[in-house]
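To start, the structure itself, in structure tokens.
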Amino acid sequence: MIVKGNNMNKNKGFTLVEVVVSFVLIIIVMIYLIRTITVVIDKNNELLIMEEYSVFEKTLLDKIYDDIENVDVLNITNQGSSIYFNEIGKTLLLDKESNCIIYDNIVYELPDLVYFSDDDSLNSVSTSDYFIININLKLDNKNKKFNIIHQNNK
Amino acid sequence: MLKRNDGYFLAEAIIVISIIATIITIVYANCMDYFVRQNNELSRFNTIDGLYCAKEVKKYFKNEEENFKNTADGYVNIDINGNDFFKDLDIKSIYFSDYDMINLLSTSEVIPSIKKDLKNMDTKDNKCRYRYIVIFNNNNYSTVGVDCNDS
């Protein structure tokens, strides 16, 4: 007589194919995960750099505009890597070696990964009615610039 | 009688849950790309440099503001062709508009991407009656209020 059930072979464990397929799937998922984490970290760093740059730009521009905004007539002298504001006796200097901007003897260090452009980091346009100073920078290999503008009161 | 084994090993459950969580993380991180792009659009609006430029534009047109306010269309596309000051500032176009910009945004004057952002701006806090909208050559843009009541 055959009795079913009591003498059945018990098969525990996994076949080799199951193990290999599982490992391959897990490795593929891990590769995508690591790639995604790298992208997220890069994007976060980019945002932090932008934020630091914005703070730097605001601090410097606020200081300069505080000095020049209420001056009726203001002329500048472009001395190459520096600008002299004639009527207020202050100088804006781009120090490429130390990677900083010096205005009124106060040093404003450029944030991390921000550098002066190789060509023409300091330009100016000056007429009898206005002047515009361009400062050209590189932020993480992207070109950035900001202007300092003054219009003479007519 | 056969012994019935329903359910899963703890290890099996943990592995499956961790793989699903990983896949969800990857999908979420890739969708974040979409939100970061939106943030990049916001980084074109009212940059620090743009704001200072817009203030200077307002100063430039101080004596002509009364003429701009008398427009029947609700906005003025200020003609800046041939003006070296705006060319040196890389300004593409300047609009003088009612603060809520309803009339300006109902036309096709402004490029669609900026128009979309302007439509999403909150204009309910109506302390100002008018505004300048300054659009730069790199499609950054800034606005500055006119006749603003600070109280």
Practice prompt. Any chance you could check the Cα centroid distance between segment B:109-123 and segment A:77-150 for me, in angstrom?
Written response: 33
Worksheet entry | Centroid-to-centroid separation of segment B:65-97 and segment A:13-32 [C-alpha atoms, Å] | 65
Discussion item. Compute the distance from the alpha-carbon center of segment A:40-64 to that of segment B:128-151, in whole Å.
Written reply: 23
Worksheet item: Between A:ASP95 and A:ASN45, what FRET efficiency comes out of the Förster formula 1/(1 + (r/R0)^6) with R0 = 25 Å and r the beta carbon distance, rounded to 0.05?
Response: 0.45
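With every protein chain left in place, what is the accessible area per residue of the protein assembly as shown in square angstrom, probe 1.4 Å?
Accessible area per residue, the protein assembly as shown: 65 Å².
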Response to the item:
With the charge dipole of segment A:1-118 built from beta-carbon charges (+1 for Lys and Arg, -1 for Asp and Glu) about the Cα centre, the Cα from A:TYR115, A:ILE26, A:LEU61 projecting farthest to the positive end belongs to A:ILE26
Worksheet item: Along segment B:91-107, what does the Karplus equation 6.51 cos²θ - 1.76 cosθ + 1.60 (θ = phi - 60°) give for ³J(HN,Hα), rounded to whole Hz, x for Gly and Pro?
Response: 8, 8, 7, 9, 10, 10, 9, 4, 4, 7, 6, 4, 5, 5, 6, 8, 9
Worksheet item: Residue-wise, which Karplus ³J(HN,Hα) couplings in Hz belong to segment A:128-135, taking 6.51 cos²θ - 1.76 cosθ + 1.60, θ = phi - 60°, and x for glycine or proline?
Response: 6, 9, 7, 9, 9, 9, 9, 10
Worksheet, complete the sentence: In a Gaussian network model of chain A with springs linking alpha carbons closer than 10 Å, the residue among A:VAL21, A:VAL73, A:VAL107 that fluctuates most is A:VAL21
Item to complete: Measure nothing fancy, just the Cα-based angle from helix B:10-42's long axis to the longest principal axis of chain B, in degrees from 0 to 90, nearest 10.
Response: 10
Fill in: Solitary cysteines of chain B, where the nearest other Cys Cβ is not under 4.7 Å
B:CYS31, B:CYS53
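Pairs of Cα atoms under 8 Å, at least six residues apart: use those to get the relative contact order of chain A, whole percent.
Details: 170 pairs, mean separation 23.0, N = 154.
Relative contact order, chain A: 15 percent.
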Worksheet, complete the sentence: Taking Cα atoms, the helix A:16-68 axis meets the longest principal axis of chain A at an angle in degrees (rounded to 10) of 10
Response to the item:
Residues whose modelled amide H sits under 5 Å from the amide H of A:ASN136, counting only those 5 or more places away in sequence or on another chain, are A:SER117, A:LEU122, A:ASN123
Item to complete: Could you give the spread of the C-alpha atoms of the protein assembly as shown along their three principal axes, from largest to smallest, in whole angstroms?
Response: 118, 55, 37
Fill in: Highest-fluctuation residue, A:ILE37, A:ILE49, A:ILE101 considered, GNM on chain A with Cα pairs under 10 Å
A:ILE37
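The values are calculated or read from the model by the stated rules, or taken from the named source; none is laboratory data. Remember, predicted model here, so these are calculated numbers, not experimental data. Every residue, glycine among them, receives a Cβ derived from its backbone with ideal geometry; neighbour counts consider all protein chains shown. Surface areas here come from the heavy atoms of the whole protein model, side chains and all, with no ligands, DNA or RNA. Shrake-Rupley method; radii C 1.70, N 1.55, O 1.52, S 1.80 Å.
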